[in-house]
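First comes the structure, then the notes that go with it.
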Amino acid sequence: MAPKTDHLMSLRAERQLRQVRAFYTAGVLLWATAAAFTGLLLTASLWLRRIQTSTASRPAHHAAPRHVIAPRHANA
């Protein structure tokens, strides 16, 4: 009677082991996906920040100055 019980126990243990492996595999895949998505967001954020700072440092293009430039006189 003991060998039959041992066989059933080993089948249960094998089934549990498969379930645990599947659970951990799903966890690893979820972690990898989240890490890749976070890296993508970080890369996009840095790229957008670099674009904003490069366009903000350039002067705006104007056709002509609005104030009249007076001739300068030397001090006596």
Could you identify the single residue in LEU29, LEU46, LEU11 that is at pLDDT 95 or above, of a type outside the set (Val, Ile, Thr) and either at positive phi or in a helix (DSSP H, G or I) (or both)?
LEU29
So ALA56 passes all but one of these: (1) at pLDDT below 90; (2) surrounded by 10 or more Cβ atoms within 10 Å (Cβ to Cβ). Which condition number does it fail?
(2)
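The values are calculated or read from the model by the stated rules, or taken from the named source; none is laboratory data. Quick caveat, the model's predicted, so the values are computed rather than measured. Backbone-built Cβ (ideal geometry, glycine too); neighbour counts: all protein chains shown.
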